[in-house]
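Only one structure is covered here, and it is reproduced in the block below.
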Number of protein chains: 2
Amino acid sequence: MNAVNHLIATRMESENAPRIPEVTAHLIGAGGKRIRPLLTLAAAGLYGYDGEHDVKLAATVEFIHTATLLHDDVVDESDQRRGRPTANLLWDNQSSVLVGDYLFARSFQLMVEAGSLRVLDILANAAAVIAEGEVLQLSVARNLATPEETYIRVVRGKTAALFAAATQVGGLVAGASERDITALCNYGDALGIAFQIADDLLDLTGDDIGKNTGDDLREGKLTLPVIRAIAASDAQERSFWERLIGRGRYQEGDLDIALGIFARHDILETVRTTAFDYVAKAQAELEILPDTPIRAELHDLADFVVSRLR
Amino acid sequence: MNAVNHLIATRMESENAPRIPEVTAHLIGAGGKRIRPLLTLAAAGLYGYDGEHDVKLAATVEFIHTATLLHDDVVDESDQRRGRPTANLLWDNQSSVLVGDYLFARSFQLMVEAGSLRVLDILANAAAVIAEGEVLQLSVARNLATPEETYIRVVRGKTAALFAAATQVGGLVAGASERDITALCNYGDALGIAFQIADDLLDLTGDDIGKNTGDDLREGKLTLPVIRAIAASDAQERSFWERLIGRGRYQEGDLDIALGIFARHDILETVRTTAFDYVAKAQAELEILPDTPIRAELHDLADFVVSRLR
């Protein structure tokens, strides 16, 4: 990971526009869990890879992720990310949009250096699927009739696609078999879904990732707990969701009301169970992969993603 | 160009997010001059290319261009483009950001299909340089001391880089020599600069491209006429620029005041001369290329770019 961090620091430089490394450093310097590049390195490590392409691809994946965070904060009009003010607040929306574009282009340059058209295809496809997931989320926003199936489609796009691509390309550069690459892809997909569901829950119950508790509710987002609560709600509860989600009218005290509804219908417990199910699904995919210490770490990583939910 | 238009229509579809083709069709359907894809087809045609990659790369180039237009309109808070309301006004900024990201990712998928790592490198580099140019423009906005040299650097990034990449990759897929590829690159670069300078002038003098006359002034943009006028201005004129550009306080009647200052110092005439100089530079690069009817068309295209300035 040191090599990845070093490469990220080098490649975010821009001779022509010093604001680019300023904005990028603000976000990348704030830390974050670096799960995606770790997935690439681990997947390559499973096969004893000792070249340099895994580091390039890991940095690529983190650049794509950082670009989507910059654009997300503009789209969501967020004011906090990783415990710091967001870039759109410190600079402006313009800088966030354009620096995101720059990082996205930089990520493709790094991929080209890795020299594999198949890797490029997987990552270009992931980038398209991420944007599709985000646009789909935007199109169903405020629609209380959105089914859980659509939620999963959104999450597969906006979160799981990059997890799956990160593991796949790691295996690919290391020469994994087609069977193993499929398993790595499925592992990343299930892990990404578990990760997003955990994120939905932590937004409600509080955690240390530097977001404000209840942000998703304030933004009227259709998270999995909200979708399940709407389906279980009586008429009075439903009118609450219609105001909060349907019309986007957040009021002081809404977080407590929502938590009351969740408790009444045991929603958070069922959502937690779903997250653990996806973790188990991810771990099951690992079984056919080489039985090495790294495989055990990928197993533990899946537990880690939901560990704060216990 | 029919094949390019057909490919664009096919590839902007999204099964998961129907808003994507809606937004894209709004912009692409409005026409535009399609100069960039034409450059790719013409450059490949110079060498008698009869494969399919030139069409893919032409569509790629137009997708990158469309993605940057969507993001530009968010960055500039524009309300009109190609004579229609902008996408950010019809839908929202969110859709413009995310659909731009989608088109950008799609463009990379198309490039991968063309199967050349060198082509990918050129286009990924162009995409990075475009974003750098836009960020640089943002950083020097409102700074009256910005020299003409910085203006050219911005334009090389935000406009000329894609023109140059479009011609280069056309030559590349068709097997042009390194010497010819360099000439194609220089042609595209000079043509792009001429194009942007013409755009600056047409914003002031009015034209039929569907923008509002004086938009750049209203947005306080440092165009080439403005930079030259600032350098030539006396104290009273300078205080006008300080309000309009430095503090971004546009007032009714400013367009006429600016036109008066331009006339007093003969600015528009010198800027026009600079545009024609770049056209001549572009045309000189063509001399070493195969002497075919297509070369004559590339020569005429350079004249066309500034034809409305006569």
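The values are calculated or read from the model by the stated rules, or taken from the named source; none is laboratory data. Quantities reported herein were computed from a predicted structural model and do not represent experimental measurements. Here the Cβ positions follow ideal geometry from the backbone for every residue, glycine too, while neighbour counts run over all protein chains shown. The area values use the complete protein model at the heavy-atom level, side chains included, leaving out ligands, DNA and RNA. Shrake-Rupley method; radii C 1.70, N 1.55, O 1.52, S 1.80 Å.
What the table shows:
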read-out: Sole residue being open to solvent by 50 Å² or more (accessible area, probe 1.4 Å) and at pLDDT 75 or above, chosen from A:Ala3, A:Ala42; value: A:Ala3
read-out: So B:Asp50, is it within 17 Å of B:Ile181 (Cα to Cα) and of a type in the set (D, E, K, R); value: no
read-out: Selection count where residues are under 13 Å from A:Glu219 (Cα atoms), open to solvent by 60 Å² or more (accessible area, probe 1.4 Å) and touching a residue at least 12 places away in the same chain (Cβ under 8 Å), scope the range A:235-262; value: 2
read-out: Residue within the range B:16-33 that is basic (Lys, Arg) and over 26 Å from B:Gly192 (Cα atoms) present; value: yes
read-out: Given (1) modelled with pLDDT of 95 or more; (2) of a type in the set (A, V, I, L, M, F, W, C); (3) open to solvent by 40 Å² or more (accessible area, probe 1.4 Å), index of the condition A:Phe304 fails; value: (1)
read-out: Residues of the range A:175-187 satisfying the condition of being open to solvent by 20 Å² or more (accessible area, probe 1.4 Å), over 18 Å from the mean Cα position of the chain (by Cα) and in contact (Cβ under 8 Å) with a residue 40 or more places away in the chain; value: A:Gly175, A:Arg179
read-out: For B:Leu57: the one exception among (1) within 21 Å of A:Ile64 (Cα to Cα); (2) crowded, with 24+ Cβ neighbours inside 10 Å; value: (1)
read-out: Residues within the range B:216-229 that are open to solvent by less than 20 Å² (accessible area, probe 1.4 Å), modelled with pLDDT of 95 or more and closer than 18 Å to B:Val154 by Cα, tallied; value: 5
read-out: Failed item in (1) farther than 30 Å from A:Arg118 by Cα; (2) in contact with a Gly (Cβ under 6 Å, 6 or more places away or on another chain); (3) at pLDDT below 95, with B:Asn143 passing the rest; value: (2)
read-out: Qualifying position, being closer than 20 Å to A:Val306 by Cα and not β-branched (Val, Ile, Thr), among A:Ala229, A:Ala275, A:Ala258; value: A:Ala275
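Yes/no matrix, rows are residues, columns are (1) under 25 Å from A:Asn125 (Cβ atoms); (2) hydroxyl-bearing (Ser, Thr, Tyr); (3) more than 7 Å from chain A (Cβ to nearest Cβ):
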| site | (1), (2), (3) |
| --- | --- |
| B:Ser116 | yes, yes, yes |
| B:Ile122 | yes, no, yes |
| B:Ala127 | yes, no, no |
| B:Glu132 | no, no, no |
| B:Leu138 | no, no, no |
| B:Ala145 | no, no, yes |
| B:Thr150 | no, yes, yes |
